[in-house]
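Written below as structure tokens is the structure these notes are about.
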Amino acid sequence: RISGTWLLGARYLRLTEGFAFSAESSDQSRFGNVAFNTENDLVGFQLGGDGWMGLRQGLRIGAEGKAGVYNNRFKFNSTTSIAQTPLGVAPNLQPAEDGNQVAFACEGGITMVADILPSWSIRGGYQVYYMNDLVKVGNNISTTQFLAIPVAQPALNVDGHAVYHGFHAGMEYVW
């Protein structure tokens, strides 16, 4: 009635983001464009497991969890182009940074499975996924990019977090 398994292995995760914005003044004498892009490539080891309990014949519920420590190879790119007047354009600033840092990711969920035929089952559940120490676009948008005189960019924020969660449902066939 109760069973479970352990998991140990390597994992690769990738999270990318992009944001672009363009604006123009009402008299069309000024315009500007800005774009931000990030890449987070996480490679590392994880440990996890799952446990299942049979509630009755053909109906079972299970929970799973995984957690790991990863090297996050991140890249951040930003491009700005702002026209000051019809006669002159501010210089394009393209700050780009990359590096490595330690990151953490974990995943958990609960699933219920109901057998409807000997080989067919219906399954549904809820999953949560969390990652930290990411470089994200929203944490690194700097208003200093919009100034006519170039200003040193603030330090890159590498402490972003991401949480994804949701329900899932489907059918499964076992042969």
Looking at this structure, is A103 surrounded by 15 or more Cβ atoms within 10 Å (Cβ to Cβ), under 18 Å from R14 (Cβ atoms) and at pLDDT 80 or above? yes
Show the residue pairs that are 6+ apart or on different chains and have beta-carbon atoms under 6 Å apart, the first residue being within the range 126-145 and part of a loop (DSSP other than H, G, I, E, B) and among the hydroxyl-bearing types (S, T, Y), the second being exposed (fewer than 14 other Cβ atoms within 10 Å of the Cβ) and modelled with pLDDT under 90. S142/P154
Of the conditions (1) modelled with pLDDT under 95; (2) in a strand (DSSP E or B); (3) open to solvent by 40 Å² or more (accessible area, probe 1.4 Å), F76 fails just one. Which one is it? (3)
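Of all residues in the range 21-36, how many are part of a strand (DSSP E or B) and open to solvent by 80 Å² or more (accessible area, probe 1.4 Å)? Walk me through how you get there before you give the answer.
We begin by selecting, within the range 21-36, every residue part of a strand (DSSP E or B); these are 21-24, 31-36.
Filter again for open to solvent by 80 Å² or more (accessible area, probe 1.4 Å), leaving 21-22, 24, 31.
Residues in the range 21-36 being part of a strand (DSSP E or B) and open to solvent by 80 Å² or more (accessible area, probe 1.4 Å): 4 in total.
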Could you please tell me which pairs satisfy a Cβ distance under 8 Å, a separation of 6+ or placement on different chains, a first residue in the range 51-69 that is surrounded by 15 or more Cβ atoms within 10 Å (Cβ to Cβ), and a second residue that is of a type in the set (D, E)? G62/D50; A63/D50; E64/D50; E64/E107; G65/D50; G65/E107; K66/E107
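Looking at G9, G65 in this structure, which one is in a strand (DSSP E or B) and closer than 30 Å to D98 by Cα?
Numbers: G65 fails: closer than 30 Å to D98 by Cα.
Residue meeting the stated conditions: G9.
Out of the residues in the range 11-28 meeting the condition of being in contact with a strand residue (DSSP E or B) (Cβ under 6 Å, 6 or more places away or on another chain) and small (G, A, S), tell me which one is farthest from G65 (Cα to Cα).
Going through the range 11-28, the residues in contact with a strand residue (DSSP E or B) (Cβ under 6 Å, 6 or more places away or on another chain) turn out to be 11-24.
With small (G, A, S) added as a condition, the list becomes 18, 20, 22-23.
Details: G18: 30, A20: 36, S22: 43, A23: 45 Å.
Here the answer is A23.
The values are calculated or read from the model by the stated rules, or taken from the named source; none is laboratory data. Keep in mind the model is a prediction, meaning the values are calculated, not measured. Positions of Cβ are backbone-derived with ideal geometry, glycine not excepted, and every protein chain shown enters the neighbour counts. Each accessible area value is taken on the protein alone, full model and side chains, heavy atoms only, with ligands, DNA and RNA left out. Shrake-Rupley method; radii C 1.70, N 1.55, O 1.52, S 1.80 Å.
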